[in-house]
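The values are calculated or read from the model by the stated rules, or taken from the named source; none is laboratory data. Please read all numbers here as calculations on a predicted model, not as lab measurements. Counting neighbours? That spans all protein chains shown, and the Cβs are built from the backbone with ideal geometry, glycine included.
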Amino acid sequence: MWDLVLGDRRINSLRLVARMWNGTRGIHRLGGAVVPEGNQKKERTMLQFLTNHFYDVEALRGYLLQREMSKVHMKNRFRDKEWIRPDKYGHFSPEFWNFQEVPVEAVDASDCEINYEGLDNLLLLKELQSLLLQRCPHVDDWCLSRLYPLADSLQELSLAGCPRVSERGLACLHHLQNLRRLDISDLPAVSNPGLTQILVEEMLPNCKVVGVDWAEGLKLGPEEQPQDTASPVLA
Amino acid sequence: MIRRVLPHGLGRGLLIRRPGTRRGGFSLDWDGKVSEIKKKIKSILPGTSCDLLPDTSHLPPEHSDVVIVGGGVLGLSVAYWLKKLESRRGGIRVLVVERDHTYSQASTGLSVGGICQQFSLPENIQLSLFSASFLRNINEYLAVTNAPPLDLQFNPSGYLLLASEKDAAAMESNVKVQKQEGAKVCLMSPDQLRNKFPWINTEGVALASYGMENEGWFDPWCLLQGLRQKVESMGVFFCQGEVTRFVSSSQRMLTTDDEMVILKRIHEVHVKMDHSLEYQPVECAIVINAAGAWSAQIAALAGIGKGPPGTLQGTKLPVEPRKRDVYVWHCPQGPGLETPLVADTSGAYFRREGLGSNYLGGRSPTEEEEPDPTNLEVDHDFFQEKVWPHLALRVPAFETLKVQTAWAGYYDYNTFDQNGVVGPHPLVVNMYFATGFSGHGLQQAPGVGRAVAEMILQGSFQTIDLSSFLFNRFYLGEKTQENTTM
C-alpha cells in the first residue's frame, strides 16, 4: 500500500517534468503523448515493476530525472529576474555573454572598488533602474557628477556609507528626475546632514530621500539660524 | 625656432656656494652649529664682532637654472611641471621669487575659483579639460609623504551661460566646438531652462549652454598650498623678495632678410629683500614671468617694449591689473542646491556658497566703468547700481537680499585679446611668459605650467599646442580672441 502511493507520486512528478520535454527517447520517455496507449501502459508497468523491486533502478531513474530538471532550470535561469552573482572565485558564468541584449535593470556594486573610470561601464546601461553603491571607497563627488546619463531610467540610488561623498556631489543628483528613492545615510564627509537632507528633498520633489533625520543637530529652526549670523555690511 | 640650450651653471654651483644659502633637508643642524661657533669666537676675541660667516639664509641661492618671478598658482605650476618632467632627478635647480608671502594681493587667493570648458578656442577648452582631470586626481599628482590628502571642496555643479538673441548663434557654434573637443556641454531652450531651474526668469534669454561634467568651482587656496607643499618637497627653492633688475647681454644678429636684430639674454636677476637695500644677484639661465597683474613691470625691466613703437622691440607686454569686486550676500528664498554658476546676458554672475543660502557673485564693468586699480577697496555702490538690478531681473528671489561681505582682486588683464601669453619672447631669448589670463588663469594653470615646462625642456609644446598664445601675436596684430560672453 505504502509503496504504491510513493509510486503514484513519482509518476505525477515525472509527468509534470515530461510536459516540458520535446520527444526525448529512451528511459526518459515516460508518459509522452507520442506512444500509443497500449504500449504506454505496458512500458510503464514494466519500469514500475523494475523500480519497485531494485534499488539501483530507482536510484538511476532519480539521477536521470534530476539531470533533466537541472538542464531546464539552467535554460530559464534569468527569466524571473534573479540576481546574477559571481561564484566563489569572483568570476561570472560564461553563459552571461549569451544575454547581451537583455537589459540590465539593477546593479549592486556595494563594497566594490569601482572608481571614476569604472563608471564608464555602468553609464552604458540605458535601462538601469536601481543602482546600489553602498560603502564604495572610491566613489566621490566627481563620480556623482557622471551619473546624469542614467536620468531617464534610474529610480533607486543608494550611496549609504560612501566615505568620499559630500553635499557638493549630492547637488549634481538633480539631473535624476525619475529618482524615487535615494539613500544618503551615514555619509561621513557631509558637513551638515540635517540641512543637506532638507536641501536634497527640495531639489528632488518626487523622490523619497532616506537616511537622515532632518531634525538632528538643530537647536533653532533651520529658517532662523542663518539670520542670526547675518550682519549688515555697508561701506 | 631657436632651441633653448640648457644651463651653464650646473657644475660650478657646488664648488663656490656659501654655507647657509642652501635651505631645506640638512639634518646636521648646520645653522645651529654655525651660530655656536660664532658665539665661541665672539667670546674669545674681544672687541668688535668678527663676521666671518654672515647669515645669508634669507637670501636666494647665487645660482639657479630657472628663476620664476611670481609665486602664485601659475608660477608654482610651472615649477611643479619643471621638476616633474626633468629627465634626471635633481637635474634642474628652480627658484621661485615671490614678493608677498602672505599673498594678500595675489589673484590666486582672491579668485572665485571656477573652472569651466565653455570657451570658443579649442586650446582653452583643452587646457580646462586637462585642469579638470588634474584636480580630480590631485592626490596622485601632489602627494607628499606623511601629509594628509588634499580636499579641494570641489562643487561639480557646472556653469550655465545665458545668451540673448544676438549672441545665440555664437553660443551654438561654440558649443559645437566644445563638444568636439570632448567637453560635456548641452544647449537649452528657455522652456527647458524654466523646467529645470524654476527660479530663473527667462526674459531676454534666447539660448543657454549648461556644462554637465568637469565644471564647477573649488577652493583655490587649497590648490596653492598643495602645490607649494609638493613643490618644496621636490626641491624647489623659495625666496621672499622683489626682482629689481635684470643684467643681460646683447648680441647683434642678421636675419635672413639682412635685417639687424638685437637678441638679449638675461644672465642675472637681482632679488631685493623686503625693507632693506640688500639684494642678491642670482645667476640664471631662464627667467619665467609669472608675475600676474604686475607682469608688465617685470617685462619692462627686461627691456621689452623699449624701442620705437610699431617694431618688435617696441611691442610692450599688454598685461595690466584690472580690479574686480566679488560680493557675498544672503538670500533665504534663493535658488536651491542644484544651482550652477550662472553667467547672465548682462555679464553679471553668481553662484552658491556653502549650505546656508549664501551666494557670491559680481559683474565685469564695461570699459568706461573700469575702477582704479591702485588699491583693492570694494565699491559697494557698484553692487547697488550695476549688479543687483541685473541679478534681481534674472532671479526674482534676489530682490530681497542682504550683502554680508565683499572683496576685490586683480585680473592680469590682457588688453590685446584677453587670453594668456605663453612661451618665450622673440628678442629676450630666455624670458618665458605665463601670464595675462584675464580672469581664467586659475583654471588653466596646470595645463599652462605643463606647456611652459615642455617648451623649456623639450623645445616645443608636446601635449597641448599653445602656439597661438605666443608673444609674437602682439607685434603681428593677430588676435587670439575668445568669442564668448564670459
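Where helices (runs of 4 or more DSSP H) fall entirely within the stretch A:95-176, none has at least 3 residues that are in contact (Cβ under 8 Å) with a residue 40 or more places away in the chain. So is A:Tyr63 modelled with pLDDT of 90 or more, of a type in the set (Ser, Thr, Tyr) and out of contact with any Lys or Arg (no Cβ under 7 Å at 6 or more places or on another chain) or not? So A:Tyr63 passes the test.
Here the condition is being more than 14 Å from chain A (Cβ to nearest Cβ), closer than 11 Å to B:Ala208 by Cβ and touching a helix residue (DSSP H, G or I) at 6+ places or on another chain (Cβ under 7 Å); of B:Ala168, B:Ala147, B:Ala163, it holds for B:Ala163 alone. Taking the conditions (1) under 25 Å from B:Phe437 (Cα atoms); (2) surrounded by fewer than 22 Cβ atoms within 10 Å (Cβ to Cβ) in turn, B:Val319 satisfies each one other than (2). What are the residues in the stretch B:115-137 that are over 19 Å from B:Tyr349 (Cβ atoms) and of a type in the set (Val, Ile, Thr), if any? Correct list: B:Ile125 only. Pairs are defined by a Cβ separation below 7 Å, a sequence spacing of at least 6 or placement on different chains, a first member in the stretch B:209-235 that is in the same structural domain as B:Val112 (by the TED database) and within 17 Å of B:Gly70 (Cα to Cα), and a second member that is part of a helix (DSSP H, G or I) and among the β-branched types (Val, Ile, Thr); the pairs so defined are B:Pro220/B:Val73; B:Leu223/B:Val73; B:Leu224/B:Val73; B:Gly226/B:Ile138; B:Leu227/B:Val73. Looking for something among the charged types (D, E, K, R), on the phi > 0 side of the Ramachandran plot and over 21 Å from the mean Cα position of the chain (by Cα) - is there at least one such residue anywhere in the stretch B:249-270? Yes, because at least one residue in the stretch B:249-270 is among the charged types (D, E, K, R), on the phi > 0 side of the Ramachandran plot and over 21 Å from the mean Cα position of the chain (by Cα).
Just one of the listed residues (A:Met46, A:Met69) is more than 14 Å from chain B (Cβ to nearest Cβ), out of contact with any Leu (no Cβ under 8 Å at 6 or more places or on another chain), of a type in the set (A, V, I, L, M) and without any contact (Cβ under 8 Å) to a residue 12 or more places away in the chain, and it is A:Met46. Scanning the stretch A:132-156 for residues that are more than 14 Å from every other protein chain (Cβ to nearest Cβ) and surrounded by fewer than 22 Cβ atoms within 10 Å (Cβ to Cβ) yields A:Leu132, A:Gln134, A:Arg135, A:Asp152, A:Ser153, A:Gln155, A:Glu156. Of all residues in the stretch B:126-179, none satisfies the criterion of being part of a strand (DSSP E or B) and surrounded by fewer than 16 Cβ atoms within 10 Å (Cβ to Cβ).
Looking at the stretch B:287-383, the strands (runs of 3 or more DSSP E) lying wholly inside it that each contain 1 or more residues that are more than 14 Å from every other protein chain (Cβ to nearest Cβ) and within 23 Å of B:Val97 (Cβ to Cβ) sit at B:319-330. With the requirement that a residue be modelled with pLDDT of 75 or more and surrounded by 10 or more Cβ atoms within 10 Å (Cβ to Cβ), what does the stretch B:41-53 give you? Within the stretch B:41-53, B:Ile41, B:Lys42, B:Leu45 meet the criteria.
When residues in the stretch B:425-451 are screened for being among the aliphatic types (A, V, I, L, M), farther than 12 Å from B:Ala290 by Cβ and outside any loop (DSSP other than H, G, I, E, B), 3 of them pass. With respect to the conditions (1) surrounded by 18 or more Cβ atoms within 10 Å (Cβ to Cβ); (2) away from every other protein chain (no Cβ under 14 Å); (3) in contact with a helix residue (DSSP H, G or I) (Cβ under 8 Å, 6 or more places away or on another chain), B:Trp388 falls short on a single one, namely (2).
One line per residue, one yes/no per condition, for (1) out of contact with any strand residue (DSSP E or B) (no Cβ under 8 Å at 6 or more places or on another chain); (2) within 22 Å of B:Tyr103 (Cβ to Cβ); (3) modelled with pLDDT of 95 or more:
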{"residue": "B:Glu213", "(1), (2), (3)": "yes, no, no"}
{"residue": "B:Phe218", "(1), (2), (3)": "no, yes, yes"}
{"residue": "B:Gln251", "(1), (2), (3)": "no, no, no"}
{"residue": "B:Thr255", "(1), (2), (3)": "no, no, no"}
{"residue": "B:Met260", "(1), (2), (3)": "no, no, no"}
{"residue": "B:Leu263", "(1), (2), (3)": "no, no, no"}
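Could we say that B:Val112 is modelled with pLDDT of 95 or more and out of contact with any Asp or Glu (no Cβ under 9 Å at 6 or more places or on another chain) here? The answer is no for B:Val112. Taken over the stretch A:166-186, the criterion of being within 20 Å of A:Asn121 (Cβ to Cβ) and more than 9 Å from chain B (Cβ to nearest Cβ) is satisfied by A:Leu176 alone. Each residue in the stretch B:427-481 was checked for being of a type in the set (Gly, Ala, Ser) and within 26 Å of B:Gly109 (Cα to Cα), and 10 pass.
Residues in the stretch B:63-93 that are under 12 Å from B:Val287 (Cβ atoms) and crowded, with 24+ Cβ neighbours inside 10 Å: B:Ser64, B:Val66, B:Val67, B:Ile68, B:Val69, B:Gly70, B:Gly75, B:Val78.
Which of the residues spanning the stretch A:134-170 are of a type in the set (Gly, Ala, Ser) and in contact with a His (Cβ under 7 Å, 6 or more places away or on another chain)? Matches in the stretch A:134-170: A:Ala151 only.
Among the residues of the stretch B:95-105, those that are surrounded by fewer than 24 Cβ atoms within 10 Å (Cβ to Cβ) and either among the acidic types (Asp, Glu) or in contact (Cβ under 8 Å) with a residue 60 or more places away in the chain (or both) comprise B:Leu95, B:Glu98, B:Arg99, B:Asp100, B:His101, B:Tyr103, B:Gln105. Of the listed requirements (1) assigned to a strand (DSSP E or B); (2) closer than 28 Å to B:Ala132 by Cβ; (3) not assigned by the TED database to the domain that holds B:Val112, B:Thr405 misses just one: (2). The single condition from (1) within 14 Å of chain B (Cβ to nearest Cβ); (2) surrounded by 18 or more Cβ atoms within 10 Å (Cβ to Cβ); (3) modelled with pLDDT of 90 or more that A:Val212 fails is (3). Among the conditions (1) hydrophobic (A, V, I, L, M, F, W, C); (2) crowded, with 21+ Cβ neighbours inside 10 Å; (3) without any contact (Cβ under 8 Å) to a residue 24 or more places away in the chain, the only one that B:Leu277 does not satisfy is (2). Just one of the numbered conditions (1) surrounded by fewer than 22 Cβ atoms within 10 Å (Cβ to Cβ); (2) within 14 Å of another protein chain (Cβ to nearest Cβ); (3) part of a loop (DSSP other than H, G, I, E, B) is not true of B:Gln117: (1). Residues that are away from chain A (no Cβ under 14 Å) and not in a helix (DSSP H, G or I) occur at least once in the stretch B:208-230.
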